[in-house]
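**Student:** I have a structure here, written as C-alpha cells, and I will follow up with some questions on it.
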Amino acid sequence: MSATGERQPMKRLEATRSLRSLIKGYYDDLFRTASEGRPSAWLNVGVPCEFFYAMDIFPFYPENYGAACGALKITPQLSAVSEAHGFSADLCSYVRATLGTVFSGEGPYGELPKPTLQVSAMNSCIMIMVWWRAVQRHWEVPTFVVDTPLVRDQSEGINLDYVESELRRMVAWVEGQTGRVLDLERLREVVRLSNEGKEIWSEVLDLRRARPCPITAADIFTHMFPMVALRGTPQYVAHLRALRDEIKQRVDEGFAAVEGERYRLLWDNLPPWFDLKLFDDLAARGVNFVIDTYTQAWGPRYMGPIDEVDPLRSFAAYMGAGFLNVQIGRRYDLLAELVDLYGVDGVVFHSDRSCKPFSLVQVELRRKLQENLGIPGLLLEGDHNDQTLLDRGRAWSQLESFLEVIDGRR
Amino acid sequence: MSGRAHTGEPPAGPGAMGSAHGASGAGAAALARLRSVGTDPLSELAHIKERTGLMAMGYFDSYLPEELIMAHGIVPHRVTVSGRDDPRSHEFIQGYACPAARDLLEQALRGDLSLLDGVLFTRYCDSLRGVFAVWDSQKLSPFVDFVRYPTVVDTEGAVTYLAQELQEVSARIARALDAPLDERRLLDSIAACDRKRALVAELAARRATRDLPLAGADFLAVLVAATTMLPDEFTAALSTLLEHPPAGEPGDAVPVVLSGTTFDNIALAAAIESAGLYLAADDLSTGSRWYGIRVGSQPAAAGETPTDPWEALARAYLTKPPCSVKEPSSPRADHLVGLVRASAAEGVLFYLTKFCDSEQVEWPFLRDRLAREGIPVMMVEGDQKGEGSGALSTRLEAFRERFELGGEDS
Ligand code: SF4
Ligand code: SF4
C-alpha cells in the first residue's frame with residue numbers, strides 16, 4: 001500500500017471556507033482591540049470565554065494559536081527561540097511555539113499584542129499554569145489562576161463550592177484589573193448563544209454516528225476553532241448551524257466521507273496539527289476516524305448547557321469536572337460509550353509526548369478496553385504540534401499492522 | 001565573591017565527619033542509625049510494622065500532611081525515589097512520565113511496597129497524576145486515594161477548602177481501613193511532627209554555619225529518616241546527634257545550595273560532594289521547603305480561637321515555601337537566595353529532573369534571578385538514578401574550579 005496512492009481528492013466541507021473568514025475576522029479583532037487600547041485576555045481552554053465576551057474583553061486562546069503554528073509546521077523554529085531562552089525542548093510543543101513568538105515577535109501573525117491580563121484554570125495541566133507564568137514574568141502581565149482541584153469524576157460538595165468561589169474571585173479580579181463590571185444579564189445573553197451553539201455541536205458529533213460517516217477527523221478538528229474561541233457570539237451560532245446543516249444533508253444523501261468506509265476507528269488525544277493529511281492518507285485505505293475524544297471535551301458530557309438562572313454555579317460544575325480534570329475511570333467510561341455508540345472497530349491512542357494528562361493513562365486505557373470489550377488499541381507515538389517528534393514512516397507501518405489486527409478479528 | 005585556593009585534596013571537613021573514624025560516641029551511633037534508615041527506609045518500615053502491628057500508609061510529596069495519617073493510628077511513610085533502573089513501568093506508562101514518578105510506580109510493580117496498606121496522592125504534578133491513575137486502576141495497594149488538593153496556595157478560600165477536604169479524606173480512611181480518627185492523636189501528631197521538623201531545621205541551621213558540618217549526603221539520609229522513623233524515635237536520634245555532634249572540621253570544599261524537587265539519592269549527593277563541593281543547604285521539596293512547616297503555631301483566622309487543627313494543618317502546608325507546581329511560586333526564588341546567604345554558599349547546583357515540567361519552566365527564571373544576585377549556578381539534568389558519572393564529575397569539578405578562579409564564569 002502506498003501512503004499517498006492515487007485516489008480522488010477528499011471532498012472538503014463548504015463550511016471550511018466560511019471558517020477561514022471567521023478565523024481571519026477573529027485575528028483582525030485581536031489586533032484592532034490592541035490598537036484601540038481595549039482590554040484583551042489570554043485564556044486557556046479551561047477558562048470560559050463567555051465571561052469575557054460578557055465583559056467586552058477580547059478572549060485570546062494561545063492553545064489555539066499554538067495549533068496554528070503547528071499547522072504551519074513552524075513549531076521547531078519557534079521552539080529553538082524558547083530553547084535559546086533556557087526553556088526545555090521537552091516542554092509541551094504549544095508552550096515552546098508560543099513562547100518562541102513571545103520572545104521573538106515571529107509567528108503566523110507576526111508579533112502578538114501583549115494582553116491586558118491572563119487567566120488560566122487548573123483543569124487541564126500544570127503546564128498551562130507554568131506557561132502563563134512564563135509569559136507573566138516576561139511581559140509583566142497581571143495573571144490569575146482559577147483553582148480547580150483534580151476530582152475523581154464529578155465536582156460536588158465542598159469541591160464545587162470552592163470552584164464556584166474561585167470563579168467569583170476571578171470575576172472580581174478581572175473587574176479590578178479592567179474596571180469593567182460583569183453584568184449578569186449580559187452574561188445570560190452570552191450564555192444563551194453559547195448553549196445554542198453547544199447544542200448544535202452536540203448534534204454535529206452525533207451525526208458522525210451515521211454509516212457511512214459523513215465527515216473525517218480532519219474536518220472536525222479543523223472546525224474546533226469556534227467552539228474554543230467564539231462561544232457566546234452570534235457568528236459562532238451561525239457558523240455551527242451552517243456546518244450542522246451541511247453535514248446533515250450529507251447524511252441524508254448517504255454521502256461517505258471515506259469512500260468504501262471499511263474501518264471505523266476512534267482517535268484518542270489531540271491530533272497532529274502539522275499532519276492532518278495523515279487522516280486523508282488513511283482514508284485511501286478505507287479508514288475513517290468516526291469519533292475522537294478530543295472534541296468531546298467541548299461536547300455535552302464535559303461542557304454541557306449552562307444554567308441561565310445560576311450561571312456561575314453551572315460553569316463551576318463543568319470546569320471542576322473538565323475533560324482532563326477527572327480520573328481514569330471516567331475516561332474509560334467515555335471510551336467504552338463512544339465505542340458502542342459509533343460502532344468503533346479499534347482505537348488509535350495518539351501518545352502525545354507533549355501532553356502528559358491526556359497521554360499518561362493511555363497504556364492502561366488500552367489494556368482495559370482490550371480486556372473488557374475486546375476492542376484493539378494502538379499506541380502511536382507522536383506529538384500534536386512538533387513534527388520532529390513524529391516518525392511518519394514508523395507510524396504508517398504501525399497503522400498498517402493495526403489494520404491487519406482488525407481484519408484478523410472480522 | 002572571594003576567590004580562594006583549593007588544595008585539590010578531597011574535602012576534609014564534611015567528608016571526614018561522615019567517615020567511620022571521624023565519628024564516635026552517642027552522636028556517632030545516632031548518625032549511624034539515621035544513615036542506615038536513610039539508605040534503606042523500607043527495612044525500617046518493616047521493623048516498625050513488626051514491632052507495632054500498625055498499618056502503614058504511603059505518600060509521595062511534601063504537601064501531604066503526614067499528621068492526617070497518624071491521627072488514624074497509621075504509620076505514614078513517604079515513599080522515596082529508589083534510584084534503581086527498572087524497565088517494567090514501560091508496560092504501564094510512557095517513558096516521558098518523569099523518571100522519579102516512574103520510579104515510585106516501579107517500586108510498587110516490583111512488590112517493594114507490599115508493606116503499605118494504602119497510599120495517598122495529591123495532585124502535585126502531571127507525572128504523579130499519571131502514576132496515580134495506574135496505581136488506582138491496577139489496585140497496587142489495598143487502599144488508594146487522593147486529596148483534591150488546591151494548587152493556589154495564597155488564599156483564605158484554599159485554606160478553608162483544604163481543611164474541609166482533609167476531613168473528608170480522613171473520613172474515607174476511617175471507613176476503608178476501619179481506622180477511626182482520634183482527635184487527641186491528631187493534636188499529638190501535630191506536636192510530634194512540629195518537634196521533629198524543628199530539629200531538622202536546627203540541624204540545617206547548624207550545617208549552614210558550619211557549627212555542625214555534617215556531609216550533605218548524611219543530611220539527605222536524615223531527611224529520609226525523618227519521614228520514615230516513628231517521630232519520637234527520630235527526634236531522640238536527631239537530638240542525640242545535635243547534642244553530641246561527631247568531631248569534624250569544615251574542609252575547603254566549596255559550599256553550594258542544592259535546589260530541585262525531591263532528591264533522595266544519597267549516593268549521588270556523595271558523588272557531588274566528592275567533586276569538592278559541600279551541600280551546605282537545600283532548596284528541595286522534601287528538605288527546606290518541608291522542615292519549616294509549623295502547624296501548631298498557625299494563627300487562627302480573624303475572630304476565631306482556638307485554631308482548629310484542620311485549618312492549622314491546611315494553612316501550614318499551603319504557606320510553606322512553594323514548589324514550582326504551586327501558584328504563586330515566586331517566593332521560592334527569595335527562599336533560595338535566602339538559603340544561599342544564610343549558608344554563605346558560593347553557588348547553587350540546580351538539579352533538574354528530566355521531564356519535570358514545572359521545574360523546566362522555573363529554571364530560566366531562577367537562573368536569571370541568581371545572576372542578578374551575583375550567585376553562580378550550574379544546572380544538572382538527570383533522572384535521579386545512579387551514583388553519578390564521569391561526565392557529571394567533570395562538570396562539577398569545572399564548577400568548583402570557577403570559585404578557585406574567583407567566582408568568575410569560566
Ligand atoms: S500539556 Fe496538554 S493540556 Fe497542557 S497545554 Fe499542552 S496540550 Fe494542552
Ligand atoms: S520531579 Fe517533577 S515531574 Fe517528577 S515527580 Fe517530582 S514534581 Fe513531578
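**Student:** Sort out which residues of the stretch B:356-377 are more than 10 Å from chain A (Cβ to nearest Cβ) and among the β-branched types (Val, Ile, Thr), and write them in order of number.
**Tutor:** Of everything in the stretch B:356-377, those that are more than 10 Å from chain A (Cβ to nearest Cβ) and among the β-branched types (Val, Ile, Thr) turn out to be B:Ile375, B:Val377.
**Student:** Go through the stretch A:25-57 residue by residue and tally those that are in a helix (DSSP H, G or I) and of a type outside the set (Gly, Ala, Ser).
**Tutor:** Number of matching residues: 13.
**Student:** From the residues in the stretch B:83-102 that are within 17 Å of B:Lys139 (Cα to Cα) and more than 16 Å from ligand 1 (Cβ to nearest atom), which one is nearest to the chain's Cα centre (by Cα)?
**Tutor:** Ranking the candidates gives B:Arg102 first.
Here's the yes/no breakdown for (1) of a type in the set (A, V, I, L, M); (2) over 21 Å from A:Val309 (Cα atoms); (3) in contact with a Pro (Cβ under 6 Å, 6 or more places away or on another chain):
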| site | (1), (2), (3) |
| --- | --- |
| A:Val151 | yes, yes, no |
| A:Glu156 | no, no, no |
| A:Arg169 | no, no, no |
| A:Val174 | yes, yes, no |
| A:Leu193 | yes, no, no |
| A:Gly197 | no, no, no |
| A:Ile200 | yes, yes, no |
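**Student:** A further question on this structure: Just checking, which of A:Gly393, A:Gly374 is within 30 Å of A:Gln77 (Cβ to Cβ), more than 16 Å from ligand 2 (Cβ to nearest atom), over 23 Å from the mean Cα position of the chain (by Cα) and not aliphatic (A, V, I, L, M)?
**Tutor:** Being within 30 Å of A:Gln77 (Cβ to Cβ), more than 16 Å from ligand 2 (Cβ to nearest atom), over 23 Å from the mean Cα position of the chain (by Cα) and not aliphatic (A, V, I, L, M) holds for just one of A:Gly393, A:Gly374, which is A:Gly393.
**Student:** Oh, and also: Can you find a residue that is part of a loop (DSSP other than H, G, I, E, B) and in contact (Cβ under 8 Å) with a residue 24 or more places away in the chain anywhere in the stretch B:47-58?
**Tutor:** Yes, the stretch B:47-58 contains a residue that is part of a loop (DSSP other than H, G, I, E, B) and in contact (Cβ under 8 Å) with a residue 24 or more places away in the chain.
**Student:** Please specify each residue of the stretch B:80-107 satisfying the condition of being surrounded by 24 or more Cβ atoms within 10 Å (Cβ to Cβ) and in contact with a strand residue (DSSP E or B) (Cβ under 8 Å, 6 or more places away or on another chain).
**Tutor:** B:Cys98, B:Ala100
**Student:** What are the residues in the stretch B:4-57 that are at pLDDT below 95 and under 22 Å from B:Ser82 (Cβ atoms), if any?
**Tutor:** The answer is B:Gly18, and nothing else.
**Student:** I've got another one for you. Please determine whether any residue of the stretch A:207-230 is under 21 Å from A:Asp29 (Cα atoms), crowded, with 20+ Cβ neighbours inside 10 Å and in contact with a Pro (Cβ under 8 Å, 6 or more places away or on another chain).
**Tutor:** Yes, the stretch A:207-230 has at least one match.
**Student:** List the residue pairs whose Cβ atoms are under 7 Å apart, where the first residue sits in the stretch B:93-119 and is closer than 20 Å to B:Thr353 by Cβ and in a loop (DSSP other than H, G, I, E, B), the second is among the polar types (S, T, N, Q) and within 16 Å of ligand 1 (Cβ to nearest atom), and the two are 6 or more positions apart or on different chains.
**Tutor:** B:Gln94/A:Ser351; B:Gln94/A:Ser359; B:Ala97/B:Ser127; B:Cys98/B:Ser127
**Student:** Please work out which residue is surrounded by the fewest Cβ atoms within 10 Å (Cβ to Cβ), limiting yourself to the stretch A:83-116 and to residues that are away from chain B (no Cβ under 14 Å) and in a helix (DSSP H, G or I).
**Tutor:** Ranking the qualifying residues of the stretch A:83-116, first place goes to A:Ser104.
**Student:** Determine which single condition A:Trp139 fails, assuming it passes every other condition in (1) more than 17 Å from B:Phe365 (Cβ to Cβ); (2) more than 9 Å from every other protein chain (Cβ to nearest Cβ); (3) touching a helix residue (DSSP H, G or I) at 6+ places or on another chain (Cβ under 9 Å); (4) surrounded by fewer than 22 Cβ atoms within 10 Å (Cβ to Cβ).
**Tutor:** (1)
**Student:** Related question: With respect to the numbered conditions (1) free of Cβ contacts under 8 Å to residues at least 60 places away in the same chain; (2) more than 19 Å from B:Ala101 (Cβ to Cβ); (3) more than 7 Å from chain A (Cβ to nearest Cβ); (4) more than 21 Å from the chain's Cα centre (by Cα), which one is the sole condition not fulfilled by B:Gln138?
**Tutor:** (2)
**Student:** Taking A:Leu22, is it outside any loop (DSSP other than H, G, I, E, B), in contact (Cβ under 8 Å) with a residue 40 or more places away in the chain and not polar (S, T, N, Q)? Step through it out loud before you land on a result.
**Tutor:** Values: outside any loop (DSSP other than H, G, I, E, B): yes; in contact (Cβ under 8 Å) with a residue 40 or more places away in the chain: yes; not polar (S, T, N, Q): yes.
Here the answer is yes, as A:Leu22 does meet what is asked.
**Student:** A follow-up question, please. Which members of the stretch A:125-151 meet the condition of being part of a loop (DSSP other than H, G, I, E, B) and touching a Phe, Trp or Tyr at 6+ places or on another chain (Cβ under 8 Å)? First the steps, then the outcome.
**Tutor:** Step one: filter the stretch A:125-151 for residues part of a loop (DSSP other than H, G, I, E, B), giving A:125, A:140-142, A:147-151.
Residues satisfying the conditions are A:Val141, A:Asp147, A:Pro149, A:Leu150.
**Student:** Of all residues in the stretch B:118-135 being at the interface with chain A (Cβ under 10 Å from one of its Cβ atoms) and touching a Pro at 6+ places or on another chain (Cβ under 7 Å), which is surrounded by the most Cβ atoms within 10 Å (Cβ to Cβ)?
**Tutor:** B:Asp126
**Student:** Oh, and also: Test of understanding: among B:Thr240, B:Thr228, B:Thr261, which residue is within 14 Å of chain A (Cβ to nearest Cβ) and either within 16 Å of ligand 2 (Cβ to nearest atom) or among the β-branched types (Val, Ile, Thr) (or both)?
**Tutor:** That would be B:Thr261, the only listed residue that is within 14 Å of chain A (Cβ to nearest Cβ) and either within 16 Å of ligand 2 (Cβ to nearest atom) or among the β-branched types (Val, Ile, Thr) (or both).
**Student:** Next question, about the same structure. Going by the structure shown, is A:Leu160 under 20 Å from A:Ala54 (Cα atoms), surrounded by fewer than 23 Cβ atoms within 10 Å (Cβ to Cβ) and more than 9 Å from chain B (Cβ to nearest Cβ)?
**Tutor:** On the way: under 20 Å from A:Ala54 (Cα atoms): no; surrounded by fewer than 23 Cβ atoms within 10 Å (Cβ to Cβ): yes; more than 9 Å from chain B (Cβ to nearest Cβ): yes.
The answer is no for A:Leu160.
**Student:** Report yes if B:Leu392 is within 14 Å of another protein chain (Cβ to nearest Cβ) and either surrounded by 17 or more Cβ atoms within 10 Å (Cβ to Cβ) or within 16 Å of ligand 1 (Cβ to nearest atom) (or both), otherwise no.
**Tutor:** On the way: within 14 Å of another protein chain (Cβ to nearest Cβ): no; either surrounded by 17 or more Cβ atoms within 10 Å (Cβ to Cβ) or within 16 Å of ligand 1 (Cβ to nearest atom) (or both): yes.
Criteria not met by B:Leu392.
**Student:** Then there is this: Looking at (1) touching a strand residue (DSSP E or B) at 6+ places or on another chain (Cβ under 9 Å); (2) in contact (Cβ under 8 Å) with a residue 12 or more places away in the chain; (3) farther than 30 Å from A:Pro234 by Cα, find the lone condition where A:Thr116 falls short.
**Tutor:** (3) is the only condition that A:Thr116 fails.
**Student:** For the stretch B:197-253, which positions are among the hydroxyl-bearing types (Ser, Thr, Tyr), surrounded by 16 or more Cβ atoms within 10 Å (Cβ to Cβ) and part of a loop (DSSP other than H, G, I, E, B)?
**Tutor:** Within the stretch B:197-253, B:Thr227, B:Thr228 qualify.
**Student:** Please determine, by comparing only the residues of the stretch B:143-167 that are in a helix (DSSP H, G or I) and more than 7 Å from chain A (Cβ to nearest Cβ), which one is surrounded by the fewest Cβ atoms within 10 Å (Cβ to Cβ).
**Tutor:** As a first pass, look at the stretch B:143-167 and keep what is in a helix (DSSP H, G or I): B:156-167.
Still in the list and also more than 7 Å from chain A (Cβ to nearest Cβ): B:156, B:159-160, B:162-163, B:166-167.
Numbers: B:Glu156: 11, B:Val159: 24, B:Thr160: 19, B:Leu162: 28, B:Ala163: 19, B:Leu166: 23, B:Gln167: 17.
Only one residue tops the list, namely B:Glu156.
Residue by residue, here is whether (1) within 22 Å of A:Glu381 (Cα to Cα); (2) away from ligand 1 (no atom under 16 Å from the Cβ); (3) in contact with a Pro (Cβ under 8 Å, 6 or more places away or on another chain) holds:
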position: A:Ala297; (1), (2), (3): yes, no, no
position: A:Ala317; (1), (2), (3): no, yes, no
position: A:Leu335; (1), (2), (3): yes, yes, no
position: A:Asp352; (1), (2), (3): yes, no, no
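**Student:** With (1) in contact with a Gly (Cβ under 8 Å, 6 or more places away or on another chain); (2) within 14 Å of chain B (Cβ to nearest Cβ); (3) among the small types (Gly, Ala, Ser) as the list, and A:Ala80 as the residue in question, which single condition is left unmet?
**Tutor:** The single condition A:Ala80 does not satisfy is (2).
**Student:** Having 1 or more residues that are over 13 Å from the mean Cα position of the chain (by Cα) is the bar; report the helices (runs of 4 or more DSSP H) wholly within the stretch A:209-271 that clear it. Break it down stepwise before answering.
**Tutor:** Numbers: elements: A:217-222, A:225-229, A:234-252.
Here the list reads A:217-222, A:234-252.
**Student:** In addition: Out of the stretch A:331-357, which residues are away from ligand 2 (no atom under 16 Å from the Cβ) and within 11 Å of another protein chain (Cβ to nearest Cβ)?
**Tutor:** Initially, the stretch A:331-357 is screened for residues away from ligand 2 (no atom under 16 Å from the Cβ), giving A:331-352.
Residues satisfying the conditions are A:Arg331, A:Tyr332, A:Phe349, A:Ser351, A:Asp352.
The values are calculated or read from the model by the stated rules, or taken from the named source; none is laboratory data. What you are looking at is a predicted structure, and each value in this text was computed from that prediction instead of being measured. Here Cβ is always computed from backbone atoms with ideal geometry, including for glycine, and neighbour counts include all displayed protein chains.
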